[in-house]
Amino acid sequence: MCNPGELYDVGWGQKLYLHCMGTSEPTVVLDVPAGMTSDVWAAVQPIVARHAKTCVYDRGGLGFSDRAYKNTTEYAGDTSQAAMMRDRTQPGTIERMADDLHRLLTLSSSQPKPFVIVGVELSTLLARFYATLYEGDVDSLILVDPMVEDPSVMEEVWIKEWLKSRLPQTELLKLTASLGWNRLALMLKQMKISNNEAGLPEDIKARRKYLLCQPRHMASAADEYFFVNESLSQMKTMFRLKPFPESISVTVVTFTAKGSDPSDQNWRDNQSKLLKHVHKNAYHKKIFADSIEMALSNPQLFAEIIIHTIRDRKSKHQSSF
């Protein structure tokens, strides 16, 4: 299946998909929720690219990116510190994702700095982890519908919604993809690729159908759900070791059209804690949306938030001279 981006070798035989548009600074990096791919930004990217270089990518194993290889004969003799550190990190956790993203942006594709990183849900943890680890590379973060590393949310959301709902569903889709049943179900129109399938562009439909039939993609999506508690633990450990850099501006975007069940309310409560206790000086923007899928039907809504951050960054940079 053709795609407009390129595959970059990030080491040890693994290649990650990256697609960039635009030329001017800063470099905007658009990330996605757990188990999803860069296609959610397909309508937003060209709008933002008029104002700054804008990149989308697929995390390891998702979309067009390779899964991480372990214990391969070709790299069995690599005893470097980087290789040993990599073997100690688990694919599907934000620690490995941050290492992958750093290698992709700075070592493989050499994207110009500084970065404005836009995270959604799980990838907001990744954005904050990355910014704390590589603070000199990052100018701003935009956290869309952020996930919060708060223990009070664990039982109500992660166990009920993630570990007892999303994870089993994704594991089942991994199995049925391996057996070829997903392909058959799609051909017989017995499987939906989205709740808003009718409103999706044809190329997005084709890509999602293709990936739904790929066991490698479904396995990587399941990994992100399975190791979510590990990712939360890594985030909390990072902030114990190093506070979030004050030099990095943060925008928090919350959705006002989410449901009213207890898990949704708990999610919103913890986002309020994030604003109150962690990112006290963050700019808070509320938008009428219920998921990032609205970026395909109403791209201007999300693009304007990103463009506002770009303009704010440029105006501050100009005023310093």
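Taking the criterion of being on the phi > 0 side of the Ramachandran plot, among the small types (Gly, Ala, Ser), open to solvent by less than 50 Å² (accessible area, probe 1.4 Å) and in contact (Cβ under 8 Å) with a residue 60 or more places away in the chain, would at least one residue in the range 33-41 satisfy it?
Yes, that holds for at least one residue.
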- Could you tell me which residue of the range 242-257 is nearest to Val144 (Cα to Cα), considering only residues that are of a type in the set (S, T, N, Q) and open to solvent by 60 Å² or more (accessible area, probe 1.4 Å)? Thr256
- Note on the structure: In the range 263-299, anything assigned to a loop (DSSP other than H, G, I, E, B) and open to solvent by 30 Å² or more (accessible area, probe 1.4 Å) is listed as Lys280, Asn281, Phe288, Asp290, Ser291, Glu293, Asn298
- Note on the structure: Of the conditions (1) at pLDDT 95 or above; (2) open to solvent by 50 Å² or more (accessible area, probe 1.4 Å), the single one that Ser260 does not satisfy is (1)
- Consider Lys174 against the criteria (1) over 20 Å from Ser123 (Cα atoms); (2) within 19 Å of the chain's Cα centre (by Cα): it satisfies all of them except one. Which criterion is unmet? (2)
- Message: Quick test for you: out of Leu301, Leu296, Leu241, pick the one residue that is within 19 Å of the chain's Cα centre (by Cα) and without any contact (Cβ under 8 Å) to a residue 60 or more places away in the chain.
- Response: Leu301
- Note on the structure: If we take the range 147-242, then helices (runs of 4 or more DSSP H) inside it with 3 or more residues that are within 24 Å of Asn270 (Cα to Cα) are 215-226, 228-241
- Message: Kindly evaluate Asp223 against the criterion of being within 17 Å of the chain's Cα centre (by Cα), acidic (Asp, Glu) and within 18 Å of Thr37 (Cβ to Cβ).
- Response: yes
- Note on the structure: Per the list (1) among the polar types (S, T, N, Q); (2) at pLDDT below 90; (3) open to solvent by less than 10 Å² (accessible area, probe 1.4 Å), residue check on Ser65 breaks on (2)
- Message: Looking only at the range 12-30, count every residue that is at pLDDT 90 or above and either closer than 11 Å to Leu104 by Cα or among the hydrophobic types (A, V, I, L, M, F, W, C) (or both) and tell me the total.
- Response: 10
- Item | the range 191-232, residues that are buried (at least 16 other Cβ atoms within 10 Å of the Cβ), at pLDDT below 90 and over 25 Å from Leu126 (Cβ atoms) | Leu200
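The values are calculated or read from the model by the stated rules, or taken from the named source; none is laboratory data. Predicted model only: the values in this text are computed from it and were never measured. Here Cβ is always computed from backbone atoms with ideal geometry, including for glycine, and neighbour counts include all displayed protein chains. Quick note on the areas: whole protein, heavy atoms, side chains included, nothing else; ligands and nucleic acids left out. Shrake-Rupley method; radii C 1.70, N 1.55, O 1.52, S 1.80 Å.
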